[in-house]
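Laboratory data are not the source of any read-out in this text; all were calculated from the coordinates shown. These figures come from a predicted structure and were not determined experimentally. Cβ atoms come from the backbone with ideal geometry, glycine included; neighbour counts cover every protein chain shown.
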Amino acid sequence: MSSLLSTLKWAFVRAPRTLEGWSLDRNWNRVEALRHFKSGNYAEAERHLLIAVEDAGEQRLSAAKRVRLRLELADVQRRLALMAEGTTRQATASAAKLAEAEQTIRSAVFIAARASAGEAYAQCLDALTEVFGDQRNYPAMEKAAQEAIRLGASLPHPDQLRMARRVHWLGIARYHNGRLAEAIPPLEKSLALHEENYGADHLITAEALSEVGRIYRARGDHGKAQECLRRSLRIHAAEYGPDSPQALDDLAALAGSYEDAGDLNAAAAEYERALLLKQRKLGVGNLEEVAEMQFSLANIYLGWANFARARELLAECIGTFRRSGGPRLAVALETQAQLAERNGRFFDAVRDLEFAGTAWRRCEHYVELIRNLEYRADLLAQLRKTREAKWLREQAAQLAEETGVRAEATTA
């Protein structure tokens, strides 16, 4: 199961953007920025927005318009940052682009403060809250959300939808700051505001339910977690389909909550349901995602000592992994070997480990290969195959000397 941090979604709580509303003081760069934004070409949108921001100062546009332009630019910079996530190099580029977005927003804050524009200032705080969340700077995120809530409530006509998002951000920030009990009240308030303003069956409400359900699960309040996740699952399944990524994510979280609560039968039913939906969606065209889910589910059944079902799932996923080989095949084979060993079938375990060793050698993962050889040697020694065990240990030692990875292999 993926961690809670990896399942929390930020996109749905973002404030509505105003690119469509650029009818005032339009110029060519604004038109081009909008066109590139709609096509997803954010780099070009950023280039034109940078020029538009500079032109806005020369044209002496109002503070509200200059703030809005900068917030639009920051939004594009954030999108570029999120697109850059991946490798270490990409992560560095992403962090740099988020830093640019933060500075863009701070320049908007300065303009709004000088003009005493309360609504614009609150919107700047909203944008900063989002950037701090993307940066995982949760203490700063919490402070910005608190200030946005305070300022938003003091305005003559508070925006209830923005307030719902701000309260939600506050709860998320408190959760990440390790104050789970303090996170629940604002999240519950946010959920109530979402339901009141969007409706109980709206997609934005579903996303709020999904996040709140996961946090209830982390707190150990599985009754409320399952209630939220079931509602979210129903809405996502109705809108996107029961085999959609959104519905499957809810289903996996719901199953995890049942498992955490000790209701293994209910958990197994939900996991199997998710697997069946994935199989129906992908068919024979792309079996690797199905195989990965089968492998994950096999490990869960191993933990529950349901060896028969674990064996079935491992056999199925190994059949798929054999097509491409690589580390996934090796790990699945070694898991099958562990299952065989736990059932007293040591010769089968040695055979599976030998196949796994061949896979490790082909992809040149020598640390894992050395461990594999030593594991096989231990099993053969238990079977009183002393000569074969000694030979495998010699092979492991020789490989370690040739590759210089033994220290890593024995300390990992």
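Pairs to check: K97/K278; K224/K278; K65/K224. Give those whose C-alpha atoms are more than 32 Å from each other in this structure. It would help to have the intermediate numbers written out before the result.
On the way: K97/K278 36 Å; K224/K278 26 Å; K65/K224 44 Å.
Beyond 32 Å between Cα atoms: K97/K278; K65/K224.
Just how large is the dipole of the chain about the Cα centre, in debye to the nearest 20, putting +1 at every Lys and Arg Cβ and -1 at every Asp and Glu Cβ? Present the calculation step by step, with values, prior to reporting the outcome.
Working: 57 positive and 57 negative charges, 49 e Å.
Using only the charged Cβ atoms, the result is roughly 240 debye.
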Along the charge dipole of the chain, which of S39, L233, A255 sits closest to the positive end, that is, farthest toward it, with unit charges on the beta carbon of Lys, Arg, Asp and Glu (+1, +1, -1, -1)? S39
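Decide, for the stretch 292-412, between rounded, prolate and oblate: order the square roots of the alpha carbon gyration tensor eigenvalues as a ≥ b ≥ c, take rounded if a/c falls under 1.5, and otherwise choose prolate if a/b is larger than b/c, else oblate. It would help to have the intermediate numbers written out before the result.
On the way: a/c = 2.15, a/b = 1.41, b/c = 1.52.
Oblate, because a/c is 1.5 or more while a/b does not exceed b/c.
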With +1 at each Lys and Arg Cβ and -1 at each Asp and Glu Cβ, the charge dipole magnitude of the stretch 289-412 around its Cα centre, to the nearest 20 debye, comes out at 400 debye
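Please rank V67, V31, fewest neighbouring Cβ atoms within 10 Å first, as an exposure proxy. Spell out each step's value before the answer.
On the way: V67 27, V31 13.
Neighbour counts put them in this order, fewest first: V31, V67.
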Could you work out how far helix 203-219 tilts from the main Cα principal axis of the chain, as a 0 to 90 degree angle to the nearest 10? 50 degrees
Measure out, as a whole number of angstrom, how far apart the alpha-carbon centroids of the stretch 194-229 and the stretch 322-358 sit. 41 Å
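So, R0 is 30 Å and r is the distance between the beta-carbons of E239 and A113; what FRET efficiency does that work out to, to 0.05? It would help to have the intermediate numbers written out before the result.
Working: r = 41 Å, r/R0 = 1.36.
The pair E239/A113 has a calculated efficiency of 0.15.
Please state the shape class of the stretch 156-297: rounded when a/c is under 1.5, otherwise prolate if a/b exceeds b/c and oblate if not, all from the C-alpha gyration tensor.
Numbers: a/c = 2.52, a/b = 1.65, b/c = 1.53.
Prolate, because a/c is 1.5 or more and a/b exceeds b/c.
For the pairs K38/K189; K143/K189; K38/K143, flag any whose C-alpha to C-alpha distance is greater than 29 Å. Mind showing how you got there, number by number?
Values: K38/K189 34 Å; K143/K189 18 Å; K38/K143 33 Å.
Correct reply: K38/K189; K38/K143.
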Fully extended, how many nm does the chain gain between I51 and T92 (0.36 nm per residue separation, minus their Cα-Cα distance)? 12.2 nm
The chain, Gaussian network, Cα under 10 Å: of M83, M293, M163, the residue fluctuating most is M83
By how many degrees, between 0 and 90 and to the nearest 10, does the Cα long axis of helix 63-83 differ from the longest principal axis of the chain? 10 degrees
Please build a GNM for the chain, connecting alpha carbons under 10 Å apart, and tell me which residue among E259, E272, E374 fluctuates the most. E374
Based on the alpha-carbon gyration tensor of the stretch 19-175 and its eigenvalue square roots a ≥ b ≥ c, which shape applies: rounded if a/c is under 1.5, prolate if not and a/b is larger than b/c, or oblate? oblate
Rounded FRET efficiency, nearest 0.05, which uses the C-beta distance separating E364 from N27 and R0 of 60 Å: 0.60
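Would you calculate a helix-derived [θ] at 222 nm for the chain, using -39,500 (n - 2.57) for each DSSP H run of n ≥ 4 and dividing by the full residue count, to the nearest 500? Let's see the in-between values first.
Values: 20 runs with 326 residues, N = 412.
Result for the chain, helices only: -26500 deg cm²/dmol.
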For the chain, set up a Gaussian network in which alpha carbons nearer than 10 Å are linked by springs, and say which option among A140, A117, A397 fluctuates the most. A397
Students often get this wrong: which residues of the stretch 144-178 have the backbone nitrogen under 14 Å from the point 7 angstrom along Cα-to-C-beta of A192? 164, 167-168
For a quick check: sort C228, C363 by the number of other beta carbons within 10 angstrom, fewest at the front. C363, C228
